[in-house]
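Report on the following structure.
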Amino acid sequence: MKENQKMTGVQKAAILFITLGPETAANIIKKLPDAEIQKITYEIANINSVGSEEKQGILEEFIQMNRAKDYLVEGGLDYAKNVLSKALGSQKAMEILDKVTEATQQFRPFAIARKADAHQLLNLISNEHPQAIALILCYLQSDKSGQILSALPEDVQSEVAYRIATMSSTSPNVVKEIEKVLDDKLSSVVKSDNKIIGGVQTIVDILNQVDRTTEKNITEGLEKEDAELAEKVKESMFVFEDIVTLDDVSIQRVLREVDNKELSLALKGSSEEVANCIYRNQSKRATAALKEDIEFLGPVRLMDVEKSQQKIVGIIRRLDEAGEIVISRGGEDAIIV
């Protein structure tokens, strides 16, 4: 293995994940872009052994870079440089700060906007073109984007949501043009690549943070614009594994609508947590029968399992829309008991 200073960033990341162990590494790596995951997993697969000195050196560098990032946020570049210089020396401090600054500029466009208050941002961008608003919301945290989207006029909400859901990539020129408009307000310099942003999952993450009225208005607007897209968004907003988030009364209501054959097939490919959630909302006799049905099924096709799970999700969505059960949402939904 190469000396630490000669390794690429991807090689260092691979060793870091090996050092952290599979569970911690999995929680971190799943949040990375697909292209980065592929590079890192390739390196991990090609590492046969890692020396203790290498592991220690990369861990120390990782800790130093995180501290440097914290210092930058806390007091700016001069403060970070001063603190790190005292601890590590001027040359080492600048090396670390250069790496942190480069990574921040490359991967975190609209960094100041991400730190700004949602209400302040709303005032800054509410009069912009829906496409510009959609682009900005793609770069913000989903809860902050949800707050902003909820506060926009209803006709603008669905327009912005549609543009987020259908956005797949953006060019540096487009980002820079929007940046010029917001530069004086946000004091941010964006250095962007052609990275993929937006898409169905992005709008789903945002909608999961808004209140029910806003969500309904947006999904109805999407249906008028693109029925197929609206259906994809709805399907992604609640998946079979989310059954564990329902209260027991709601689960019992859902089970009254579900065919036993569909339920046994759906549970065949579910987690133990989901299965136990179903079992505790049935009688002992019904649970015993259901377990017997699942065992009797034997090997089944994943396609058939997913089809049954989606049918049950459809029942849950229908009951939610009818007000017979409540799917937990973000935003300001209120439940009156």
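Only the coordinates and a few stated rules stand behind these numbers; no lab work does. Please read these numbers as outputs of a predicted model, since none were measured by experiment. Cβ placement follows ideal geometry from the backbone for every residue including glycine, while neighbour counts extend to all protein chains displayed.
Under a plain spin-label model, where a point goes 7 Å from the Cα along Cα-to-Cβ, how far apart in nm are VAL50 and GLU225?
For the pair VAL50/GLU225, the computed spacing is 4.4 nm.
Arrange the peptides 311-321, 161-171 so that the one whose residues have, on average, the most other Cβ atoms within 10 Å appears first.
Descending mean neighbour count gives 161-171, 311-321.
Once you have a ≥ b ≥ c as the square roots of the Cα gyration tensor eigenvalues for region 9-71, tell me rounded if a/c is under 1.5, and otherwise prolate or oblate according to whether a/b is larger than b/c.
oblate
How do the peptides 139-152, 256-269 rank, highest first, by the average count of neighbouring beta carbon atoms within 10 Å per residue?
The packing order, highest mean first, is 139-152, 256-269.
Rounded, prolate or oblate for region 195-237? Axes are the square roots of the Cα gyration tensor eigenvalues, ordered a ≥ b ≥ c, and the cut-off for rounded is a/c under 1.5.
Note, shape of region 195-237 comes out oblate.
Starting from the Cα of VAL10, step 7 Å along the direction of its Cβ; do the same at MET94; then give the gap between the two resulting points in nm.
In this crude label model, VAL10 to MET94 measures out at 3.0 nm.
Using r as the Cβ-Cβ distance of SER85 and SER169, and R0 as 45 Å, what FRET efficiency do you calculate, to the nearest 0.05?
0.65
Quick one: what does P(r) look like for region 238-336 with 5 Å bins over all Cα pairs, in whole %?
2, 13, 24, 26, 18, 9, 5, 2, 1, 0
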